[in-house]
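The values are calculated or read from the model by the stated rules, or taken from the named source; none is laboratory data. Values in this document were obtained by computation on a predicted structure and should not be read as measured data. Cβ placement follows ideal geometry from the backbone for every residue including glycine, while neighbour counts extend to all protein chains displayed. Note: accessible area is taken over every heavy atom of the protein model, side chains too, but ligands, DNA and RNA are not part of it. Shrake-Rupley method; radii C 1.70, N 1.55, O 1.52, S 1.80 Å.
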Amino acid sequence: MKKFFEDIKKDIKFKSAGPGKKLAEGGSSKPRVVQNSGPAKPRHAAPTEGAQKAGAAALARIEGQSRPRAQTSQDAIRLQVKRELDAEAAAVAATEKEKITAVEGSSVKDPVFLSVTGVYFTCPLTGATLTKSGREVHIKEAIFMRFEEDAVEASIMMVHTFNKDREKVKAAVDIISKYIENICKNPTEEKYRKIKLSNKVFQEKVKTVEGSREFLQAVGFQSIMLDVQGQEESEEFLVLMEHDPEALEVMKESMDRLQRGEPVRAQLDHQPQTFRPSPNAMRFELPPEFYNLTAEELKREQQQKSEAVEKNAMLRTKAMREREEQRERRKYNYTLLRIRLPDGNILQGTFLAWDKVSVLFQFVRDSLVDGWQPFELVAPGGHKLREAQELALNECSLVPAVLLTFSWDAAVQADISAAVGKGPALLKPELLKNIRTLG
């Protein structure tokens, strides 16, 4: 089983590496996408019996069929897993390609001139840097690999990450919790330790949620064929063989973890960059990932822009203008923000369009040597942003790209003036080390 998982992992890593390049080709400014980072984790000599069973069930779930029997060919399962992951990656890539093609047909320039090469994410499980199109496939593969170390944790991740319908997830978690609670309250009652897989509730509420069966097997349930009274053929049950107090306590803890589980999501990489003082600070060219538009909507962009002049000439009410501004803000998934510092240097970062203003303040604070000092951020038009605001960046019209101005709080500035202009240091050395010049 361990070798089986390793083969899948190697294949997906090779697929995610991207197209080959000739040695003579020049380097690219695009951040290097790392498939795995951080200290290597110790390998077990062999996966536990629970991990083997839960892992096999996880692969069966991908096929959308019942759990494979012992005689099922692992080669066939491996091929099916790769087909599923390849299909998912191809579908996402096709969508991205459609957007790129549509944008190229409008006004986006050569990638060399883009203000940022793309949108990147960090996997919370492996620490790898991921592209937007490859993040879901990578996280799914990372969760499968987690079965070798902790089958309970991996199955909980499956339940909360692989299923998009949160109501279905809650219903399945509630039913599984009821199974476990009944066993803990009646540890000697055999009927509570058996789950008939053909049961209507199990079929409709539990089986349909990926990871639910894997969780039950990870906490100790075993698949057994049992005779059913009044039937000629036996049926499959999940049976809990152990019921000693210590095992039940561990199972209750696993149930609590399941109830508290959260989806595993790739986290946006802000890609902090620094630039020297430049007159081009307000010039932005964004990649297609920033847009939240269909291909058809992107094609209509040019026509809408040509109509803007006529609209501005019309007499419009405040409500009409606000509605149009809201529609404009919803066009973007991400925003590229630059902050001009007192020394003229520029700090740049990528954000979700719906990130709160406090996320921007924290990004700036983390980039400063003396981030604990109070400071202000001023948007175009002289509007001061407030960190305590519960507004999103797009609600403050900070999309899709804006140049902000940084200034120290009045009290800090007074101290700087009293020190004959020698104020606190600004950006951290690691950021200044890679400072660039805007084109």
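Among the listed pairs Lys170/Lys191; Lys170/Lys194; Lys164/Lys252; Lys168/Lys196; Lys164/Lys428; Lys132/Lys433, a Cα-Cα separation exceeding 31 Å is found for Lys164/Lys428.
The length gained by stretching the chain between Gln389 and Asp244 to full extension, at 0.36 nm per residue less their Cα-Cα distance, is 46.9 nm. Note on Lys140: accessible area approximately 40 square angstrom, rounded to 10, probe 1.4 Å, nucleic acids and ligands left out. Note on Arg166: accessible area is roughly 100 Å² with a 1.4 Å probe, heavy atoms of protein only.
Put Met241, Met255 in order of accessible area, highest first, and with a 1.4 Å probe you get Met241, Met255. Shape call for segment 185-270 from the C-alpha gyration tensor, a ≥ b ≥ c root eigenvalues: rounded (a/c under 1.5), prolate (a/b greater than b/c) or oblate? Oblate is the answer for segment 185-270, as a/c is 1.5 or above yet b/c matches or exceeds a/b. Search the structure for amide H atoms under 5 Å from the amide H of Tyr334, placed 1.01 Å from N in the peptide plane, and list their residues when 5 or more places away or on another chain. Those qualifying (amide H under 5 Å, at least 5 residues apart or on another chain) are Ala353. The stretch between Gln259 and Lys178, if pulled fully straight at 0.36 nm per residue, gains 28.0 nm over its current Cα-Cα span. Starting from the Cα of Ser198, step 7 Å toward the Cβ, then list every residue of segment 233-261 with an amide N under 19 Å from that point. Under 19 Å, as judged by backbone N against the label point of Ser198, lie 233-239 of segment 233-261. The calculated FRET efficiency for Asp409 paired with Asn186, based on their beta-carbon distance and R0 = 51 Å, is about 0.20.
If you sort Trp372, Trp408 by accessible surface, 1.4 Å probe, largest first, the order is Trp372, Trp408. Under 13 Å from the Cβ of Ser407, count the other residues' Cβ atoms, weight Lys and Arg +1, Asp and Glu -1, and hand me the total. Taking every Cβ under 13 Å from that of Ser407, the sum is -1.
Summing Lys and Arg as +1 and Asp and Glu as -1 over all other residues whose Cβ lies under 15 Å from the Cβ of Leu226 gives a net charge of -2. Solvent-accessible area of Arg265, all protein chains in place: 110 Å² (probe radius 1.4 Å, heavy atoms, ligands and nucleic acids excluded). Here the gap between Ser234 and Lys170, fully extended at 0.36 nm per residue and compared with their Cα-Cα distance, gives a gain of 19.9 nm. Each of Val250, Leu130, Ser155 was scored by the projection of its Cα onto the charge dipole of segment 130-270, and the greatest displacement toward the positive side belongs to Leu130; charges sit on the C-beta of Lys, Arg, Asp and Glu.
Translational diffusion coefficient, Stokes-Einstein: compute it for segment 339-439 using the Kirkwood radius over C-alpha pairs as Rh, at 25 °C and 0.890 mPa s, and state it as an integer in µm² s⁻¹.
Rounded, D is 170 µm²/s.
Whenever you get a sec, line up His383, His138 from highest to lowest accessible area (probe 1.4 Å, protein heavy atoms). Present the calculation step by step, with values, prior to reporting the outcome.
On the way: His383 95, His138 15 Å².
The ranking, largest first, comes out as His383, His138.
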